[in-house]
Amino acid sequence: MDHREKRFEQFRKDLAELMEGEVPRGTEEDIYYDFVSTAMRLRRERFDILDVKLLNTALKELQYAFKIFKPYRSIPKAAIFGSARTRPGHPNFRFAESFGKKLARQGWMVITGGASGIMEATMRGAGAENSFGLNILLPFEQKANVIIRGNPKLVYFKYFFTRKLLFLKESAATVLFPGGFGTFDEGFESFTLVQTGKAKPRPLVLVDPPKSGFWRSTIRLFRETMAEDGLIDPADLSLMRHFQDADAAVREITQFYGNYHSSRFLRDQYLIRLNKPVSPAELERLNRDFRDVLTQGGFEILKDVRLDDNQDPALSRIVFYFDRSSYGRLRQLIDALNGV
């Protein structure tokens, strides 16, 4: 039996397993049936073979990456971006190495592109055991660095869009060191997704060494040509935080999850889960200081935990009618809750 015959035989077994039993009743089984149905529709509609190859490759890349990350889902991770051209000995390289080491000491792991420069420096600091590499197949610059090379947590991608999805999906913070077009592309996509509510709130941190003007000049550009001209809401600038001290940058990331746990939309309301309960006086302060983000009502304690898909009894919850646009102010609200 040749390779193609073996694959077909395995497909028949998988399909038979899927078809066993009654009509699917659970959400999970419905999704698997949708997968197969979508594949059959692709075949019937006779799409261009390049379109089908793209979908197939993307799905296989995601499936493999999910498998690699699955054992580490309970450990928080930061997505780190920066120039692949930064050489060892450069202040940015030394600073990134120090940052990686300090973040790993706080129980975090790092996700980088796995190449040279800032990516290698961060992994040197964090250690290979605390590092993931999401390497893109390019003709230059993206060869895996010596820290992550041969590590099972190194994943190769053909497509940028699948790689970008993993950076965001598997991380709880985004960190940008000085870099070029790639750094701005991948890092600021995270900013845009948080700003528009397509991604959950997270620390968005800009880091460079003392005396560097890289991020100061960039932030000034945003303030003077975007915020002042009305191209962005001035509150959006509070989504990103700039640090020239590695300890302060690490504190920004870890303290973001000090009281804030997670959040989601719950029907027409926004739900925030907290590690500590909010007192009546603190709730009154929220209703006074953040009334501008409400479309109706006020901030309230969610008493029926059964309404939340995460029913952890150790968590407290507040709900409110959010205007679905003031995500800079939402970040400021989370800061206030972390100060409780």
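Structure notes:
- Members of the range 180-210 that are touching a residue at least 60 places away in the same chain (Cβ under 8 Å) and farther than 25 Å from GLN255 by Cβ: GLY180, GLY182
- A search for C-beta distances below 7 Å between a residue of the range 64-92 that is more than 18 Å from THR183 (Cα to Cα) and any residue that is modelled with pLDDT under 95, counting only pairs 6+ apart in sequence or on different chains, returns nothing.
- In the range 313-334, residue surrounded by the fewest Cβ atoms within 10 Å (Cβ to Cβ) [restricted to those that are in contact with a strand residue (DSSP E or B) (Cβ under 9 Å, 6 or more places away or on another chain) and either without any contact (Cβ under 8 Å) to a residue 24 or more places away in the chain or assigned to a strand (DSSP E or B) (or both)]: TYR321
- Flag if GLY114 is in contact with a strand residue (DSSP E or B) (Cβ under 9 Å, 6 or more places away or on another chain), assigned to a loop (DSSP other than H, G, I, E, B) and crowded, with 23+ Cβ neighbours inside 10 Å: yes
- Summed over the range 227-261, residues that are part of a helix (DSSP H, G or I) and touching a helix residue (DSSP H, G or I) at 6+ places or on another chain (Cβ under 9 Å) total 15.
- Meets criteria (assigned by TED's automatic domain parsing to the domain that holds LEU330, crowded, with 17+ Cβ neighbours inside 10 Å, under 23 Å from the mean Cα position of the chain (by Cα) and modelled with pLDDT of 95 or more) for ARG273: yes
- Some residue of the range 98-107 being free of Cβ contacts under 8 Å to residues at least 12 places away in the same chain and surrounded by fewer than 24 Cβ atoms within 10 Å (Cβ to Cβ): yes
- Any hit, the range 90-101, residues being closer than 14 Å to VAL250 by Cβ, aromatic (Phe, Trp, Tyr) and either under 20 Å from the mean Cα position of the chain (by Cα) or in the same structural domain as VAL155 (by TED's automatic domain parsing) (or both): yes
- Scoring GLY107 on the criteria (1) at pLDDT below 95; (2) closer than 30 Å to PHE214 by Cα; (3) not acidic (Asp, Glu) leaves a single failure, condition (1).
- All of (1) in contact (Cβ under 8 Å) with a residue 40 or more places away in the chain; (2) buried (at least 20 other Cβ atoms within 10 Å of the Cβ); (3) small (Gly, Ala, Ser); (4) part of a helix (DSSP H, G or I) hold for ALA58 with one exception: (2).
- Subset tally (residues that are over 16 Å from ASP335 (Cβ atoms), in a helix (DSSP H, G or I) and either within 28 Å of the chain's Cα centre (by Cα) or not assigned by TED's automatic domain parsing to the domain that holds PHE265 (or both)) for the range 282-309: 3
The values are calculated or read from the model by the stated rules, or taken from the named source; none is laboratory data. Just so you know, these numbers come straight off a predicted model, no measurement behind them. Backbone-built Cβ (ideal geometry, glycine too); neighbour counts: all protein chains shown.
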